[in-house]
1. Taking the chain as a Gaussian network, Cα atoms linked when under 10 Å apart, which of Gly257, Gly216, Gly19 shows the biggest mean-square fluctuation?
2. So for the chain, averaging the separation of alpha carbon pairs under 8 Å that are six or more residues apart and normalising by length, what relative contact order in percent results?
3. List the lysines whose Cα lies under 26 Å from the Cα of Lys108, skipping any in the same chain that are fewer than 8 positions away.
4. Can you give me the Kirkwood hydrodynamic radius for the range 152-209, using every pair of distinct Cα atoms, in Å to one decimal?
5. How long is the range 175-268 along each principal axis, judged by its Cα atoms, biggest number first, in Å?
6. With just the Cα atoms of the range 334-413, tell me how far they stretch along each of the three principal axes, in Å, largest first.
7. For the chain, what log10 I(q)/I(0) values come out of the Debye formula at q = 0.08, 0.12, 0.13 1/Å, with one point per alpha carbon and no solvent?
8. Cut-off under 15 Å on the C-alpha distance; same-chain residues fewer than 8 positions from Lys62 excluded. Which aspartates and glutamates are left, in chain and number order?
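Read-outs throughout are calculated quantities, based only on the coordinates presented, and are distinct from any laboratory measurement. Just so it is clear, the model here is predicted, and its values are computed rather than measured. For neighbour counting, all protein chains shown are included, and Cβ atoms are generated from backbone atoms with ideal geometry for every residue, glycine included.
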Amino acid sequence: MPDQRLPSSPGFWRSPLRGPWFTSVLGLVLLVGITVLFVTGLLSYAAYNPDLSPVNDMTPGKGLLGFYLFDWPTHPAWLYRLNQGVHVTLGITLIPVLLAKLWSVLPKLFALPPARSLAHALERISLLLLVGGGLFEFVTGVLNIQLDYLFPGSFYTLHFYGAWVFFAAFLAHAVLKTPAALRAVRRIREEGALPDGELVSPRPDPPTVSRRGALGLVGGGSLLLFGTTVGRSVDGSLREAAVLAPHGGTGPARGPGGFQVNKTAAYAGIRDDETSEEAWRLVVVGRSRTVRLSRGELLRHPQYSAALPIACVEGWATSDQWWRGVRLRDLAALVGHDDPPDVLVESLQRHGAFRRAALRANQVADPRSLLALHVNGADLTPDHGYPARIIVPAAPGVLNTKWVGRLTFGDPR
Ligand SMILES: Nc1nc2c(c(=O)[nH]1)N[C@H]1C(S)=C(S)[C@@H](COP(=O)(O)O)O[C@H]1N2
Ligand SMILES: [Mo]
């Protein structure tokens, strides 16, 4: 009889909740949920137009993992908003399920001997990658949306590589375990019998809550997180309920510029004397020529309006705002590109990760893609990018460069 005071002994673990049914139900929820997280994560990566690197995607040594199959479309305008809303809201909602699942299999972490065979050793190593990778992805994701970054290096790179490690281990685990999980769940439904198995405690404490009750608790926690997060990416009264994460609510203030601000002009080091009518000139570089335009001159070009949201990789989004300005494809034509090419957009901002971005030809060509000068009937506010900012339908917020200083058509590298 092993010493039951040691966690390596099955008798050390007393909860009557542990068993194949509890673990299987949680596992099946994660099977679906994490697959959706992985797919929306890959789509989010594609939305950056990563092969316009190194401007948009600076992931070093990504090799084949940086594969990318299509130009991110501009229709429907809420595409990135939906994708990222699902990715982040679902990720947060799954936290209680993930924790409960890890708790339910905790005894296995301490099981001795460490490996009974080579196959068993490999399985345990894959579990380390699975649990470590999963915790890493959830922790970096939550830190990123809380605008709080503790890790060295770029969130983007870490979350990207972490996702591949995690998902490879997840896939192996799912292939090995899903059949047994389905069997366990089916058996209790058909026979009403709880299957026994290695997770069941040999000397359980009396229950204080039923297995169903415990699942309800996990589900309730998920529901609470969902309700206090989802409002960051939807319109209507749910916005007010998004108390948990930054950029909930309707925005910083009332008025035409009263919607979410990511980085303020002060934070980005943008000074009034460089954005004034006298000082600021937009430099547009193209195949045949380079032009310099004041804001007054831009306003004499045909102006177009588009109702578009800003949707950040962090999962929050604004409702549709009315943007007004010059079409990007008209600016391309002005410098000799009648067929819109890719464009490199550079901000006046001197430091920081988001001061330049490249857009694909299909994004430049869309008639709703603007160099915006106005929003909601008023001049852009300094925090929303005065004197001019990019707005492109369906694109991640990070491609909507603020305080634009220069557009280079044709060679975004
Ligand atoms: N120059 C510059 N443009 C920028 C950024 C920035 O930090 N600097 N942030 C980007 C990001 S990540 C987002 S989500 C949007 C947010 O736009 P908003 O602050 O008007 O809501 O601006 C984008 N444009
Ligand atoms: Mo963003």
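1. Largest GNM mean-square fluctuation: Gly216.
2. Computed over the chain, the figure is 20 percent.
3. Once the sequence-local lysines are set aside, what remains near Lys108 is Lys177.
4. Every distinct Cα pair counted, the radius reaches 15.0 Å.
5. Sorted largest first, the three principal extents are 62, 34, 26 Å.
6. Its Cα atoms span 32, 30, 24 Å along the three principal axes.
7. Values returned for q = 0.08, 0.12, 0.13 Å⁻¹ are -0.54, -0.97, -1.08.
8. The reachable aspartates and glutamates, counting only those whose Cα sits under 15 Å from Lys62, are Asp51.
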